[in-house]
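The values are calculated or read from the model by the stated rules, or taken from the named source; none is laboratory data. All figures in this text were calculated on a predicted structure; none of them were measured in a lab. Reconstructed Cβ throughout: ideal geometry from the backbone, glycine too, with neighbour counts over all protein chains shown. Side chains are part of the model used for accessible areas, which takes the heavy atoms of the whole protein and leaves out ligands, DNA and RNA. Shrake-Rupley method; radii C 1.70, N 1.55, O 1.52, S 1.80 Å.
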Amino acid sequence: MIPTLKESPADAEIASHRLLIRAGYIRRVASGLYEFLPLGLKVIKKIEAIIRDEMDRAGAQELLLPILQPRELWEESGRWAKYGPEMMRLQDRAERDFGLGPTHEELITDLVRSNVSSYRQLPVNLYQIGPKFRDEIRPRFGLLRGREFLMKDGYSFDRDEEGMGESYQRMYDAYGRIFTRSGCTWRAVEADTGLIGGDVSHEFMVPAEVGEDFIAYCTDCPYAANLELASFRRPTPPDDQDLIMEKVHTPGRRTIDEVSSFLGIEPRRLIKCLMYLVEGRAVAVLVPGDREANEIKLERVLGTDEFRLFNEEDWKRLPEYLQGYVGPVGLDGAEMIADWSVEGARGMAAGANDVDYHLINVKEGRDFAVDRFADVVNARPGDLCPRCGGELKVEAGIEVGQVFQLGTRYSLPMRCHYDDENGVTRPMIMGTYGIGVSRLMAAVVEQSHDEKGIIWPLSVAPALLHILPLNYEREERRRAAQELFQACRERGWEVLLDDRQESAGVKFADADLIGIPFRAVIGKGYDKNGNLELQVRASGERFNMSMEACLDRLRSAMESV
Ligand SMILES: Nc1ncnc2c1ncn2[C@@H]1O[C@H](COP(=O)(O)OP(=O)(O)OP(=O)(O)O)[C@@H](O)[C@H]1O
Ligand SMILES: [Mg+2]
Ligand SMILES: [Zn+2]
């Protein structure tokens with residue numbers, strides 16, 4: 001069951017999606033739902049074996065939790081209401097509510113609280129590998145963003161922050177080894193904690209053009225962070241003369257571009273005043289004219305996710321704010337939050353809160369007072385590293401894993417407690433750790449393919465060797481192929497034998513597509529002197545050799561992983 005295809009499916013926009021389907025590894029059932037065909041499952045099992053090996057080595061224990069999760073547990077953590085439509089919900093015949101697990105913090109916390117009660121039983125580190133469901137708004141890119149996908153999720157429980165820090169570091173190190181052994185290049189970056197909660201978090205990113213995440217990283221020091229929260233050092237504002245603020249007529253000019261070209265002032269010297277409705281009240285957010293507000297940063301600063309930019313109705317309902325002419329000078333009634341780059345800024349232009357007028361030579365502190373300065377804009381290439389002042393670069397990446405220091409986010413509301421040495425009851429301190437197993441499979445392909453097909457790293461390849469007897473109906477060649485097949489099986493190596501009566505062209509094209517690291521061609525050379533042609537998928541090298549020599553070469557390759 002290796003249904004290779006000549007044509008790519010119409011919805012496959014990226015290489016891993018196209019190739020995994022064309023090479024017969026996966027098949028789409030519905031949006032975001034895929035079947036793993038025999039070859040696909042072999043790759044998944046290879047990745048899982050690497051994960052298990054590293055997790056067990058790091059002292060974690062594997063278990064398996066149900067996918068259906070009762071509403072009551074999610075009520076305890078407060079996430080039944082919070083998680084939103086990404087969690088698929090359903091009822092059983094008695095009309096009890098369940099969710100299809102998008103992640104398993106609630107279940108694991110329930111398990112641990114009912115079985116661990118003393119400091120002597122801690123720390124505990126548990127993990128599982130299994131399906132997760134998330135009803136993503138935009139399932140796409142094949143395995144990269146599915147609705148049902150495979151995840152390794154792990155959870156640590158410690159007595160205190162220090163213990164949790166150690167558990168976190170052990171998982172962080174294990175993750176690095178897992179991605180390296182899977183044949184990826186990767187980068188660990190500081191990350192936002194989102195719906196999972198907690199304080200400290202890192203994501204493991206596989207750099208790839210098709211990645212949906214963006215990473216800012218320093219070229220001079222190890223600083224790297226998801227653009228969602230990457231900070232940067234603001235340059236000192238230009239030391240212009242303290243000119244007197246002036247009001248200028250700017251008829252019909254409302255947008256940054258219109259005002260900037262009309263006044264002949266660069267966009268970065270304009271103060272963009274964004275009006276937000278935050279839990280019902282108006283908040284002004286000041287950013288330089290050439291930057292956008294970053295709403296993930298803003299959420300942290302505001303301490304709530306209940307906010308949005310003014311819509312048409314808000315502008316009408318609150319006529320004291322003039323759309324297109326709103327600015328910080330004389331702005332009453334709204335809290336004013338400004339990006340750090342506005343601190344000390346002078347010689348700026350801004351809306352005058354008067355139709356068809358703007359102000360120039362505006363100076364922060366003199367002409368208006370900011371309530372709070374904060375980091376609320378995106379970093380971009382060329383910005384200064386917040387740690388060392390070096391140059392930041394930005395690259396796209398695929399998030400293949402994330403680790404979180406949760407603290408008591410779940411143990412407090414769910415009363416996951418233990419008694420310490422002195423008999424004092426304390427909440428356990430948790431960490432949570434995830435790897436997108438099926439996403440990792442696609443990420444490996446993104447990094448490792450050519451125009452002809454996949455090039456599997458040996459560690460996760462579905463087989464070591466692909467045997468290609470040409471004209472399989474020929475008795476001699478068939479016997480040789482079967483002998484080689486048996487020899488591999490006896491050595492415990494996985495091997496694929498193309499026993500189809502297909503033309504050499506079809507067999508070679510499929511072999512390139514499928515991407516098994518080594519290929520043994522049994523053809524004319526075999527008839528002449530009993531030699532095979534061993535081909536290396538990655539380099540394209542070919543070697544004429546006897547079957548014995550071929551097996552030796554394969555053995556040394558196996559020993560290197
Ligand atoms: N829809 C998905 N399809 C495949 N893998 C996924 C999906 N969502 C998450 N993962 C994988 O599971 C891991 C752990 O889940 P986590 O909760 O951190 O995901 P996430 O941060 O919500 O992912 P994303 O930001 O890509 O939606 C992720 O690092 C990722 O590798
Ligand atoms: Mg994540
Ligand atoms: Zn730096």
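Does Phe232 fit the bill of being modelled with pLDDT of 95 or more, more than 16 Å from ligand 2 (Cβ to nearest atom) and touching a Pro at 6+ places or on another chain (Cβ under 7 Å)? Considered against the rule, which asks whether it is modelled with pLDDT of 95 or more, more than 16 Å from ligand 2 (Cβ to nearest atom) and touching a Pro at 6+ places or on another chain (Cβ under 7 Å), Phe232 comes out as yes. Go through Val403, Val370, Val362, Val376 for me and flag whichever is crowded, with 17+ Cβ neighbours inside 10 Å, touching a residue at least 40 places away in the same chain (Cβ under 8 Å) and within 16 Å of ligand 2 (Cβ to nearest atom). Only one candidate qualifies: Val403. For region 526-547, the set of residues classified as open to solvent by less than 30 Å² (accessible area, probe 1.4 Å) and part of a helix (DSSP H, G or I) consists of Met547 only. Could you please let me know if Gly197 is modelled with pLDDT under 95 and surrounded by 18 or more Cβ atoms within 10 Å (Cβ to Cβ)? Yes: the conditions hold for Gly197. With a requirement of 1 or more residues that are aromatic (Phe, Trp, Tyr) and touching a helix residue (DSSP H, G or I) at 6+ places or on another chain (Cβ under 8 Å), the strands (runs of 3 or more DSSP E) lying completely within region 386-431 that satisfy it span 392-407, 417-419. Hey, can you tell me all the residues within region 268-295 that are in contact (Cβ under 8 Å) with a residue 40 or more places away in the chain, open to solvent by 50 Å² or more (accessible area, probe 1.4 Å) and part of a loop (DSSP other than H, G, I, E, B)? Once the filter is applied, which keeps residues that are in contact (Cβ under 8 Å) with a residue 40 or more places away in the chain, open to solvent by 50 Å² or more (accessible area, probe 1.4 Å) and part of a loop (DSSP other than H, G, I, E, B), region 268-295 yields only Glu292. Output the residues belonging to region 2-17 that are closer than 15 Å to Leu37 by Cα and without any contact (Cβ under 8 Å) to a residue 40 or more places away in the chain. Residues satisfying the conditions are Pro3, Leu5.
For region 384-400, filtered to residues that are buried (at least 21 other Cβ atoms within 10 Å of the Cβ) and within 15 Å of ligand 3 (Cβ to nearest atom), the residue that is nearest to Gly303 (Cα to Cα) is Cys385. Checked against the criteria, Arg387 counts as basic (Lys, Arg) and either away from ligand 2 (no atom under 16 Å from the Cβ) or more than 27 Å from the chain's Cα centre (by Cα) (or both).
Among the numbered conditions (1) out of contact with any strand residue (DSSP E or B) (no Cβ under 6 Å at 6 or more places or on another chain); (2) in contact (Cβ under 8 Å) with a residue 40 or more places away in the chain; (3) closer than 26 Å to Ala379 by Cα, the only one that Glu258 does not meet is (2).
Within 23 Å of Glu395 (Cα to Cα), open to solvent by 30 Å² or more (accessible area, probe 1.4 Å) and either more than 16 Å from ligand 3 (Cβ to nearest atom) or assigned to a loop (DSSP other than H, G, I, E, B) (or both) - does that describe any residue in region 251-267? First the steps, then the outcome.
Keep residues of region 251-267 that are within 23 Å of Glu395 (Cα to Cα), which gives none.
Within region 251-267 (the criterion being within 23 Å of Glu395 (Cα to Cα), open to solvent by 30 Å² or more (accessible area, probe 1.4 Å) and either more than 16 Å from ligand 3 (Cβ to nearest atom) or assigned to a loop (DSSP other than H, G, I, E, B) (or both)), the answer is no, since none of the residues qualifies.
Listed conditions (1) in contact with a His (Cβ under 8 Å, 6 or more places away or on another chain); (2) under 21 Å from Ser448 (Cβ atoms) are all met by Asp512, apart from (1). When Ala345 is tested against (1) small (Gly, Ala, Ser); (2) surrounded by fewer than 16 Cβ atoms within 10 Å (Cβ to Cβ); (3) closer than 21 Å to Thr236 by Cα, just one condition goes unmet, and that condition is (2). If you go through region 208-219 one residue at a time, do you hit one that is open to solvent by 90 Å² or more (accessible area, probe 1.4 Å) and within 19 Å of the chain's Cα centre (by Cα)? Looking for residues that are open to solvent by 90 Å² or more (accessible area, probe 1.4 Å) and within 19 Å of the chain's Cα centre (by Cα), one finds at least one in region 208-219, hence yes.
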